[in-house]
Each structure stands twice: as C-alpha cells, then as structure tokens.
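Undergrad: Shown below is the structure under consideration.
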Amino acid sequence: MGVLSILRAGLGAFLLSWTIGAAVAAPADNRDPRSDDTYTADEIVKKGADFFGVTTEAMGKAVEKVFAKYGRPNAYIAGNEGSGAIVVGLRYGEGDLYMKQTGTPLKVFWQGPSVGFDYGANASKVFTLVYRLPNPGAIYERFPGVEGSAYFVAGIGVNYQQNGRVILAPMRTGVGVRAGVNAGYLSYSKERNWIPF
C-alpha cells in the first residue's frame, strides 16, 4: 500500500466521521408549536398570502428565501406605506406588530430618510418578518438598511434592516415605480412622526 493510498483512506475516514458527527450534532426541529413563540413557514405563508391577496405559492417563494437566511421569526408587522425620492427620499408607514406571546397586535408607525441614486414614488403593502425581538417595545428603534439589497421573488420585494440582534425583513408589493439604490434607515415609533429623523 502506497503513501497516496494511505492518505486517501485517511482523508475518506476523516470526511465520513465529520459528516456523521455533523449530522448527529444538527439540532432537530422538535419544537412544540403550542409553546413555541416563533412562526412556522406555513403560518407566515398563510398570513402573508391573505394580507397581500396573492397565492400561497407566490408568498411561499418569498418566504423561502428569508427563512433560508434567518429561520423562523418571532414577530411580524402587517401594514401600508408610501415613499418617494429624487436622490433624497422619504418613507412613511403604519401597521400592526404581532407576537405570539402577546396575543393582541401593537400599533407601530415608521418613517425614515434615504439618500442615493434613486427616484420615483410608490404606495405599498408591507409584511415585515421580525427576528429576535425580545419584547414588543424593542421595535421602537432605528433600523438601518440598504435598498440595493432588495430582491424580487414572485412580485414581492424583500430587503433587510438590522439594529443589534434584531433583524427586519420587509416584504413589499404595491403600485408605483421607485428605481435605483439608496441607503437610509427606518425609525419605528408609537406615534406618527412627520419629521423622519
């Protein structure tokens, strides 16, 4: 037996044991849905499809991308917004924050400026998946985001915003045209603020 054969056999044994070890260590999703405070993909697809008035297939494609990246959200916001820009832009919206642990929705408003190479205006329905929100009051913060990170799946636009550990994944569908790339933030508040800063 040559050195090359020994190395191949050793590498094969290492890869096999590493694969088996990773499979054993991978956590199974054995969560009890009655006591779990996160939403399953099926729950989000149903709620989002009903909210947007789209097929569950279309919503499922958008949700699949977000779930692949971040997993199961523990909250979501369903609302409406309007935005416009000519290099400098503004966005205003309002909606309801839902968390399994609270039972009743919490009214949320958002507003924010943006700057970049974009122009246009639109009115959208927004369904935002919220990750690692410790309590409903923690939503009242600024969440930076880059609209150039948006992608479109089945007519639904998605981008990401983050503040510390809390991640938001707004999914939008609506009328109007707003094209380009911009950077900005959205500030979430208990009351409507017309000044976006």
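The values are calculated or read from the model by the stated rules, or taken from the named source; none is laboratory data. None of the values given here were measured: they were computed from a predicted structure. We place every Cβ from the backbone using ideal geometry, glycine too, and count neighbours over all the protein chains shown.
Undergrad: Test of understanding: among Gln111, Gln161, which residue is within 23 Å of Ala49 (Cα to Cα), surrounded by 15 or more Cβ atoms within 10 Å (Cβ to Cβ) and modelled with pLDDT of 90 or more?
TA: On the way: Gln111 fails: within 23 Å of Ala49 (Cα to Cα).
Only one candidate passes the filter, namely Gln161.
Undergrad: Then there is this: Which of the numbered conditions does Ala68 fail, given that it passes all the others? Conditions: (1) of a type outside the set (Lys, Arg); (2) without any contact (Cβ under 8 Å) to a residue 12 or more places away in the chain; (3) in a strand (DSSP E or B).
TA: (3)
Undergrad: Let me ask something else. Could you please find all residues in segment 78-109 being more than 19 Å from the chain's Cα centre (by Cα) and not in a strand (DSSP E or B)?
TA: If the condition is that a residue be more than 19 Å from the chain's Cα centre (by Cα) and not in a strand (DSSP E or B), then Gln101, Thr102, Gly103, Thr104 are the ones that fit.
Undergrad: Please go through (1) buried (at least 18 other Cβ atoms within 10 Å of the Cβ); (2) outside any loop (DSSP other than H, G, I, E, B) for Tyr39 and return the number of the only condition it doesn't satisfy.
TA: Tallying (1) buried (at least 18 other Cβ atoms within 10 Å of the Cβ); (2) outside any loop (DSSP other than H, G, I, E, B), Tyr39 fails exactly one: (2).
Undergrad: OK, next. Mind checking which pairs have a first residue in segment 129-145 that is in contact (Cβ under 8 Å) with a residue 60 or more places away in the chain and within 15 Å of Phe109 (Cα to Cα) and a second that is of a type in the set (Ser, Thr, Tyr) and in a loop (DSSP other than H, G, I, E, B), Cβ under 9 Å, 6 or more apart or different chains?
TA: Sorted first by the residue in segment 129-145, then by its partner, the pairs are Pro136/Thr102.
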